[in-house]
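Step one of this worksheet: look at the structure below.
Just so it is clear, none of the values below were taken in a lab; they were calculated from the coordinates. Remember, it's a predicted structure, so these values are computed and weren't measured experimentally. Cβ sites come from the backbone with ideal geometry, for glycine too, and all protein chains shown count toward neighbours.
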Amino acid sequence: MPGDLFPETLAHPGLTILPGFAGEAAPALMAAVREIAAHAPFRRMKTPGGKEMSAAMTNCGAVGWVSDAKGYRYQASDPYTGLPWPMMPVIFRDLAQRAAQAGGFAGFAPDVALINRYEPGAKMSLHQDVDEQDFSAPIVSVSLGLPAMFLWGGAKRTDKAARIALASGDVLVWGGPARRHFHGIAPVKAGTHPLTGAARVNLTFRLAM
Ligand code: SIN
Ligand code: FE2
């Protein structure tokens, strides 16, 4: 019975939880993150309102998500270096595609991976991912390193958010009617993890353009 295999899928329509899906790939994914960050360093972007975000961020792919006084957007060059974003590694693309398929979205071909790094205390407030052009593609989210509490809300900001514990290697896929659901990350608790040290790293794969 599918309910036995993926109970959370039934509890949270539109969201598929794939526990440990990236566990085996995690060390190679982190090595790739370090390589990307050597070219496009993690930085704390400012919201359009001028507030520094608590999670540090970088990107790889044809475009990258950026935020500054002019707003949120995707752009082909890294404003920090002036260079194109590093290419998306094959292992990223492959993992994202396989996870999307497991979540019911065969043929997912992301053009960007946002890479967030949360040090203890960092969080991401409830928000929607709405800067992409095509909402028929899902979001694939990969957790590495320190655990975190994912907040899964609804279509409205005021909808009560479920709390879903995420460990290193866990993957989430959401799409369809849930593509624009509010979501966030509660403040990351202090700790260290062999893969990342005192940090949680998250990859979100998207089709932006
Ligand atoms: C995001 O919503 O972009 C990131 C979520 C996460 O860090 O798990
Ligand atoms: Fe998001």
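Observations, loosely collected:
- Candidates 49, 23, 153, ranked by Gaussian network fluctuation over the chain, Cα under 10 Å, top entry: 49
- The chain: most fluctuating residue of 184, 103, 82 per GNM, C-alpha cutoff 10 Å: 82
- Using alpha carbons only: equivalent-ellipsoid semi-axes of the chain, gyration tensor based, whole Å: 24, 19, 18
- When the chain is treated as a Gaussian network with alpha carbon springs shorter than 10 Å, the biggest mean-square fluctuation among 148, 69, 199 belongs to 69.
- Charge dipole magnitude, Cβ of K and R +1, D and E -1 - the chain, Cα centre, debye nearest 20: 620
- Helix-only arithmetic for the chain: the sum of -39500 (n - 2.57) across DSSP H runs with n ≥ 4, divided by the residue total, places the mean residue ellipticity at 222 nm at -5000 deg cm²/dmol.
- Sorted by Cβ density within 10 Å, fewest first, the residues 132, 35: 35, 132
- Sorted by Cβ density within 10 Å, fewest first, the residues 127, 181, 12: 127, 12, 181
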